[in-house]
Amino acid sequence: MSALTPPESALLAEQLRSAVGRFVRSVRSQSETGTTAQSEVMAQLARTGPATVTALASLRGVKHQSMRLVVSRLVEQGTLETLPNPQDGRSYLVSLTRAGQAQVKADQTARADYLAELLASRLRPDERRLLAQAIGLLDRLSDASR
């Protein structure tokens with residue numbers, strides 16, 4: 001197989017970006033685990049652990065004030081809690097509560113269950129093997145940026 005030309009690579013890149021975006025939106029919609037700023041903050045904290053509001057705002061590319069409002073709502077709902085920041089006594093860390101952890105886990109389980117059903121019902125065994133190979137490629141692409 002010959003190497004792709006730059007225009008072919010650019011086209012493939014756009015097709016991949018578009019397909020992955022549609023796929024993620026479809027899974028969230030069909031599993032009824034849509035995304036909001038609140039759910040994304042909770043998922044981020046589940047992945048990385050406690051963080052400051054400033055760090056969360058930076059990761060999400062939003063203003064500190066906007067993130068503070070999201071965090072405040074989640075604290076009021078009982079899914080986040082604030083903790084003293086051992087590295088900076090002037091700030092605090094935001095962390096998931098047990099209820100927040102349960103919510104993130106429930107969303108992940110709903111998406112995984114939906115995907116398992118989808119894979120079993122729409123793909124043949126050889127297609128599932130091909131998908132497993134593609135996942136390996138996507139993982140390699142993800143690791144390339146680190």
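The values are calculated or read from the model by the stated rules, or taken from the named source; none is laboratory data. As the structure is a prediction and not an experimental result, all values here were calculated from the model. Here Cβ is always computed from backbone atoms with ideal geometry, including for glycine, and neighbour counts include all displayed protein chains. Each accessible area value is taken on the protein alone, full model and side chains, heavy atoms only, with ligands, DNA and RNA left out. Shrake-Rupley method; radii C 1.70, N 1.55, O 1.52, S 1.80 Å.
Obtain the nm distance between the two label points defined at ALA46 and TYR92 by a simple spin-label model: each point lies 7 Å from its Cα along the Cα-to-C-beta direction.
Going by the 7 Å Cα→Cβ label model, 2.3 nm.
Across region 4-10, in residue order, what do the Karplus-derived ³J(HN,Hα) couplings come to in whole Hz, using 6.51 cos²θ - 1.76 cosθ + 1.60 with θ = phi - 60° and x for Gly and Pro?
Rounded to whole hertz, the list is 6, 6, x, x, 5, 5, 5.
For the chain, calculate the relative contact order in percent as a whole number, restricting contacts to Cα pairs under 8 Å that are 6 or more residues apart. List each step's numbers first, then the result.
Working: 97 pairs, mean separation 31.2, N = 146.
Computed over the chain, the figure is 21 percent.
Mind putting a number on the dipole of region 69-113 about its Cα centre? Charges go on the C-beta only, +1 for Lys and Arg and -1 for Asp and Glu, and I need it in Debye to the nearest 20. Could you put the intermediate results ahead of the total?
Details: 5 positive and 5 negative charges, 3 e Å.
Computed about the Cα centre, the dipole is about 20 debye.
Rolling a 1.4 angstrom probe over the protein chains, ignoring ligands and nucleic acids, what is the accessible area of THR109 in square angstrom, nearest 10?
Its heavy atoms expose roughly 60 Å² to the probe.
Most mobile of ALA116, ALA13, ALA55 per a Gaussian network model of the chain (Cα springs, under 10 Å)?
Between ALA116, ALA13, ALA55, it is ALA13 that shows the largest mean-square fluctuation.
With springs only between Cα atoms under 10 Å, which of ARG68, ARG98, ARG128 fluctuates most in a Gaussian network model of the chain?
Looking only at ARG68, ARG98, ARG128, the biggest GNM fluctuation is shown by ARG128.
Calculate one ³J(HN,Hα) per residue across region 80-87 by plugging θ = phi - 60° into the Karplus curve 6.51 cos²θ - 1.76 cosθ + 1.60, and present them in order as whole Hz with x for glycine and proline.
Using θ = phi - 60°, the values come out as 10, 9, 9, 10, x, 8, x, 8 Hz.
Run the helix sum for the chain: -39,500 (n - 2.57) per DSSP H stretch of 4+ residues, divided by residue count, reported at 222 nm to the nearest 500 deg cm²/dmol. Could the numbers behind the result be given before it?
Values: 6 runs with 104 residues, N = 146.
Helix contribution divided over all residues of the chain: -24000 deg cm²/dmol.
So which residue, out of SER18, SER66, SER26, gets the largest mean-square fluctuation from a GNM of the chain using Cα contacts under 10 Å as springs?
Maximum among the listed residues: SER18.
From the phi angles alone, apply the Karplus equation (6.51, -1.76, 1.60; θ = phi - 60°) to region 42-48 and give each ³J(HN,Hα) in whole Hz, x where the residue is Gly or Pro.
Once rounded to whole Hz, the list reads 4, 5, 4, 5, 5, 6, 10.
Looking at LEU59, TYR92, LEU80, which one has the Cα that reaches farthest to the positive end of the dipole of region 45-103 (charges on Cβ: Lys, Arg +1; Asp, Glu -1)?
LEU59
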